[in-house]
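As structure tokens, the structure follows; a few thoughts come after it.
Read the figures in this text as sums done on the coordinates, not as results from a lab. From a predicted model like this one, the values you see are computed outputs, not experimental measurements. Because the Cβ atoms are built from the backbone with ideal geometry, glycine has one as well, and the counts that use them run over all protein chains shown.
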Amino acid sequence: MNFTEKLGAGAPTLSFELFPPKRPDGWATLYATLSEISRLKPDLVSVTYGAGGSTREKTIDIVTRLKDELEIDAMAHITCVNHSRDEIDVILNRLRDSRIRYILALRGDPQEKGIFRKAENGFGYAYELIRYINFRYKFITGCATYPEKHIESESIEKDIEYLKLKQDTGAKFAITQLFFINDNFYRFRELAVRAGVSIPIIAGLMPVIDISQIERFRNLCGCIIPDDLINRLTKYPDRVVDIGIEYSLNQCLDLLKNGVCGLHFFTLNRSYSVVKIVSDLRNNGYLLS
Ligand SMILES: Cc1cc2nc3c(=O)[nH]c(=O)nc-3n(C[C@H](O)[C@H](O)[C@H](O)COP(=O)(O)OP(=O)(O)OC[C@H]3O[C@@H](n4cnc5c(N)ncnc54)[C@H](O)[C@@H]3O)c2cc1C
């Protein structure tokens, strides 16, 4: 079964997220990670889209290579940042010509001081981009969602309203921002279902690999990090990777027991922790290939 078939059948999907390296020395790490994660036979590998500059081109290159050379279903992220409709069309046409089927359609982060500026003849919200893509193209489009509230949003209820709007304009699945507290995900999922959201909501997960990530996660995406995790990480600084793996593995086990639609790992282009976690889930029969 492929990614879409698994989602339709209610079998949990496995996906990984990579980013195009900014510096030349990042490519070796990316290729090593790709080699490791491809052995895990993921249902989908997604590649992020940068805020601007040359890494944007690389998103298209990497998804194309994933599909053609490694024969892995690949998803390109696209954002509205600094793009007119014509520019979005150029990207979408290239992806279509490369036979990429999946797109994660996003607004993107504000360019400066928390204020998002819509490009001339561009899009101001992700739902507008999703609507445009689905009106003109045949991609399978996904969207982002935020179980602990988007950092600019006034409430979780508003976020759910906008998730419903993304569904109504054509999103076929949603991937959450990373979270560490499963109960927050379950509460959000329940409220979303009550509000009419019926698309699969895939859990976004990130095993901690570096203690300095903690502050960055909080500031960038507003995710809540439990005190007991922070305490353990600070008490045993030389065991951060192992603690991150153990925490994330327990999170995955609990999510799978509670009927999660899929696990999406933000890898930061590192494979060690995710390989350990997924191998453990597979070896113990919690996640099927
Ligand atoms: C899984 C995942 C992958 C990501 N990948 C990337 C990436 O590759 N590149 C990148 O730059 N960023 C990425 N992001 C980050 C994302 O771009 C930011 O979180 C961004 O600030 C919001 O994007 P969105 O698509 O959720 O926007 P939207 O859904 O448009 O929401 C943006 C804000 O506007 C509000 N809003 C939405 N609709 C309406 C409406 N109709 N009326 C009023 N307010 C509204 C929302 O509450 C929110 O506060 C990713 C996030 C996730 C969860």
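Quick notes on this structure:
- All of LEU249, LEU229, LEU255, LEU233 fail the test of being in contact (Cβ under 8 Å) with a residue 12 or more places away in the chain and within 22 Å of ILE199 (Cβ to Cβ), apart from LEU255.
- Per the conditions (1) more than 13 Å from the ligand (Cβ to nearest atom); (2) touching a Leu at 6+ places or on another chain (Cβ under 9 Å), the sole criterion not satisfied by ALA76 is (1).
- Checked against the criteria, THR59 counts as more than 16 Å from SER273 (Cα to Cα) and of a type outside the set (A, V, I, L, M, F, W, C).
- Within the range 192-207, considering residues that are in contact with a Phe, Trp or Tyr (Cβ under 7 Å, 6 or more places away or on another chain) and aliphatic (A, V, I, L, M), the one farthest from GLU152 (Cα to Cα): ILE199
- Scanning the range 201-218 for residues that are part of a loop (DSSP other than H, G, I, E, B), buried (at least 20 other Cβ atoms within 10 Å of the Cβ) and out of contact with any Ser or Thr (no Cβ under 6 Å at 6 or more places or on another chain) yields a total of 2.
- Answer from ALA192, ALA174 - the residue that is among the small types (Gly, Ala, Ser), within 30 Å of PHE135 (Cα to Cα), in contact with a strand residue (DSSP E or B) (Cβ under 9 Å, 6 or more places away or on another chain) and not in a helix (DSSP H, G or I): ALA174
- Checked against the criterion of being surrounded by 21 or more Cβ atoms within 10 Å (Cβ to Cβ) and either within 11 Å of the ligand (Cβ to nearest atom) or among the charged types (D, E, K, R) (or both), the candidates TYR146, TYR102 yield just one match: TYR146.
- For the condition over 25 Å from ASN2 (Cβ atoms), surrounded by 14 or more Cβ atoms within 10 Å (Cβ to Cβ) and out of contact with any helix residue (DSSP H, G or I) (no Cβ under 6 Å at 6 or more places or on another chain), THR48 does not qualify.
- Within the range 7-16, one or more residues are in contact (Cβ under 8 Å) with a residue 40 or more places away in the chain, surrounded by 14 or more Cβ atoms within 10 Å (Cβ to Cβ), among the aliphatic types (A, V, I, L, M) and touching a Ser or Thr at 6+ places or on another chain (Cβ under 9 Å).
- Some residue of the range 271-285 being in contact with a strand residue (DSSP E or B) (Cβ under 7 Å, 6 or more places away or on another chain) and either of a type in the set (S, T, N, Q) or under 30 Å from ALA9 (Cα atoms) (or both): yes
- Residue satisfying all of: in the range 152-169; within 8 Å of the ligand (Cβ to nearest atom) and part of a loop (DSSP other than H, G, I, E, B); surrounded by the fewest Cβ atoms within 10 Å (Cβ to Cβ) among these: GLU154
- Residues in the range 113-139 that are surrounded by fewer than 18 Cβ atoms within 10 Å (Cβ to Cβ), of a type in the set (Phe, Trp, Tyr) and assigned to a helix (DSSP H, G or I): PHE135 only.
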